[in-house]
Every structure is written in structure tokens, then in C-alpha cells.
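The values are calculated or read from the model by the stated rules, or taken from the named source; none is laboratory data. Keep in mind it's a predicted model, so treat the numbers as computed, not measured. Counting neighbours? That spans all protein chains shown, and the Cβs are built from the backbone with ideal geometry, glycine included. These accessible areas exclude ligands, DNA and RNA; they are computed on the full protein's heavy atoms, side chains included. Shrake-Rupley method; radii C 1.70, N 1.55, O 1.52, S 1.80 Å.
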Amino acid sequence: MNTLIIGGGKVGVYLAQHLLDHGHEVTLIESRPERFEKLRGDIDDKHLICGDAADPLVLERVGIRSVEHLVCATGSDETNLIVAMLAKMEYGVRQVVARVNNPKNAWLFTPVMGVDSAVNQADLTARMLATQMDPLLGGEIFEEDATCSL
Amino acid sequence: MKIIVVGCGRMGSGLARALDRTNHDVAVIDRDESAFESLGSNFRGLTIKGIGFDRNALIKAGIERSDGLAACTSSDDANTVTARIAREMFRVPTVVARLYDPDKADVYRRLGIQTIGSISWAVKRALEIFSYSKLDVVESLGSGGGVEILHVAATAALVGHKLSELNIPGEIKVVALERSGKTAIGAEELTIESGDQLYVAAHASSVGQLRALMGIERVR
């Protein structure tokens, strides 16, 4: 499984390490140089690229055309959307999964913007917290199907 | 027309004011309310606090009935997302995004987003001023090393000379002269005046010589 992960924050790195531990092929792109230096201690250099994933040249350098799964996991919704858009429309990546940071932006994470499935982390966490408070509360105060669009 | 401007920096506020002055219906969105001060007290358009891809802000700005949207915040990513939303989700007929990074522009154009790169525009314009300010290629005839039709603005070196003095048989030939809004063909005995616009046919290899005659290139 050839996976490209955008964003070397906690979420991106956590996912990358699990995929690598299970023998998957992974490349991770991080744009912030100081963050990139920190990543080099946790993940082997051959899986890391420092660059702006919204730049088509960077995507081409990591072989975007042969990527099967793209995970847009940066902390910036606009960056996640741009990369999703480029990957889907310009390079025909088979599956694009994106992280929604601000629940207000969830409406944008749709196939029109190149996103096949979105994970709305604030919504997901809030639901789980509510369910822990009271098993019925989650279903009571949250609307259906807002967490993941699959 | 009804136009939405996202980002009220120098470009956004300048565009919004220009549209307002020419009686267009303008709505400006910016995340920082103090940015609207640059619109001046005479601005009649709508100002909305919010980010450019906030659904509520866009709807408040009237995106469902807009003829155009210009995304001109300082972030290339935000501008591209806003432009794409406007086009694909709200079907705004004309959408333009400002991009600082010229390398991205080609790809985004293929995604249906028209871009304006203020930096690449400025670089291109500066190059033009250095190399072509008084001399623009209007049309190239023939493929590779053919004949150029050039638009030439009268330079100090040309003023006072007859048009015919520019002609070099087989190399350079004045085609037309434009003066005070009128264009004449073949008036070769006329003396060139300041403000005249000349149309000149020149063999590609003789363009350097024409520049020298115009005094815009040093003869080496």
C-alpha cells in the first residue's frame, strides 16, 4: 500500500509510524524546517520530504502519480483542501482522506474539493467525550453522520 | 455587476474601491475588521468580518447572486480554496485568485481557477520596460527568423526625422503612422513628432538595428 501523508504533526507522524510498523510504503511531507528536523529522530530519512505539498513540483518529486492513498493531515484546513484538490484533479490519486481541523469547515471536505473521505476530529472527540459522560448523551446532542463522510 | 472581494489588503481594498467608484455592487470580506478602514468613508459597499471560506460570510456577502469573486488575501492556499468554493459550490461565473507563487499558477489554471500573480506580473513588466518599453512585437510573420511587425513609440532619437529615413531596403520598412488618433499608411515624407506611434515591419535579424536607430540600444 503506497501512502503519502501530508503534515508531520502528531496525527501524521502517529499514522506514519503505525503504517511503517506494519510494512506499508509511506512518504511523509512536512513544510516547517524546524519540525522536519525533529521528525528525523522518529522516522527514517528515506520516508521524509521537507517541502510545501501545495506545490505541484513537490508532489511530483515524491511520485504522486503512483500514490494509492493520500492522507492530508496538516493542521491547516486550506492546505489539506488544496493538496486534496491537486492530488485528485491533477494527478488522479485513487483515494484522498483529509483531516478537518475546524468543524466550521467540514462542509468543504467533499468530492468537489477532491476529498473522498473526511475525518472531523473535533466532532469525533466531542462525541466520544459526550458518550463517556453518558452513553445516551452522544446520540442525543449530536446530529447523525457529521463525524466522517465515507 | 455584483462582486465579492475576499481580503482587504492593498490589492483587495484597491479593487473594492475601484469597483465601488464605477458603480458596481461590492461586498468585502476580511478576518480583521480594522482592514476595512482602508476603504475610506465614501465606500458604499458591504463589509463582512469573516474568513473567505466561511459559508456564513460568503452567503452574507451574497455569493449566491454574485457575478464575480476575487480572492486576494495574503495566503495562496486560502485564495485557491476560496476560488474553488466560489466556482464549484456556488457557481460564481467569474472567479480570480491572487497567487504569490508563480510556479503554482499553471496547475491552478487547469483546475479552472484564473490567477493573478502580482510578483510575476511585476517581474514581467520590469523586463518589458528594460527591453521593449518603446518597442513591442505586434505580430510575428513566418515561423522562426521571419518578419516582425513592431509597434514603436517615437523616441527622442526619432523626432525630427522623416519616416523614410527609417527604411532600410530588405530589412526595415515603416508601415503606418498613428498621430492624434488617426492612422495613415505610407506617409513617408512626414516628419516624426513626439507622441507619434509607428508600425514598422522589420526582419527579425534587423530588430537590433531598429533599436539602435531609436536610440534605445547602444551600438556596440
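What is the residue count in segment B:187-210 for residues that are over 15 Å from B:His161 (Cα atoms) and modelled with pLDDT under 90? Residues flagged as over 15 Å from B:His161 (Cα atoms) and modelled with pLDDT under 90 within segment B:187-210 amount to 6. Against the test of being within 14 Å of chain B (Cβ to nearest Cβ) and either more than 20 Å from B:Lys104 (Cα to Cα) or buried (at least 18 other Cβ atoms within 10 Å of the Cβ) (or both), the options A:Thr125, A:Thr79, A:Thr131 yield a single qualifying residue, A:Thr79. Flag: A:Leu39 does not match the condition of being hydrophobic (A, V, I, L, M, F, W, C), exposed (fewer than 12 other Cβ atoms within 10 Å of the Cβ) and modelled with pLDDT under 95. Of all residues in segment A:44-76, those satisfying the criterion of being open to solvent by less than 20 Å² (accessible area, probe 1.4 Å), over 14 Å from A:Gly12 (Cα atoms) and either more than 14 Å from chain B (Cβ to nearest Cβ) or among the β-branched types (Val, Ile, Thr) (or both) are A:Val58, A:Ile64, A:Val67.
Scanning segment B:53-74 for residues that are assigned to a loop (DSSP other than H, G, I, E, B) and within 26 Å of the chain's Cα centre (by Cα), we see that the one that is farthest from the other protein chains (Cβ to nearest Cβ) is B:Asp67.
Meeting the requirement of 3 or more residues that are within 18 Å of B:Asp136 (Cα to Cα), the strands (runs of 3 or more DSSP E) wholly within segment B:152-220 are B:172-179, B:197-203. Checked against the criteria, B:Ala18 counts as at pLDDT below 95, in a helix (DSSP H, G or I), among the aliphatic types (A, V, I, L, M) and out of contact with any strand residue (DSSP E or B) (no Cβ under 6 Å at 6 or more places or on another chain).
Take the residues in segment B:48-73 that are basic (Lys, Arg) and under 17 Å from B:Arg87 (Cβ atoms), then tell me which one is least open to solvent (accessible area, probe 1.4 Å).
Taking segment B:48-73 as the starting set, the residues that turn out to be basic (Lys, Arg) are B:49, B:55, B:60, B:65.
With under 17 Å from B:Arg87 (Cβ atoms) added as a condition, the list becomes B:55, B:65.
Working: B:Arg55: 102, B:Arg65: 163 Å².
The selected residue is B:Arg55.
Annotation: B:Thr47 fulfils all but one of (1) among the polar types (S, T, N, Q); (2) in contact (Cβ under 8 Å) with a residue 40 or more places away in the chain; (3) in contact with a Cys (Cβ under 9 Å, 6 or more places away or on another chain); the unmet one is (2). Among the residues making up segment B:95-120, those that are more than 10 Å from chain A (Cβ to nearest Cβ) and outside any helix (DSSP H, G or I) are B:Val95, B:Val96, B:Ala97, B:Arg98, B:Leu99, B:Tyr100, B:Gln114, B:Thr115, B:Ile116, B:Gly117.
Taking segment A:1-36 as the range and being open to solvent by 30 Å² or more (accessible area, probe 1.4 Å) and of a type in the set (S, T, N, Q) as the test, the residues that pass are A:Gln17, A:Thr27, A:Ser31.
Can you tell me which residue is least open to solvent (accessible area, probe 1.4 Å) among those in segment B:11-47 that are under 18 Å from B:Thr82 (Cβ atoms) and of a type in the set (Asp, Glu)? Going through the qualifying residues, I end up with B:Asp30. Of all residues in segment A:39-50, count the ones that are in contact (Cβ under 8 Å) with a residue 24 or more places away in the chain and among the basic types (Lys, Arg). Qualifying residue count, segment A:39-50: 0.
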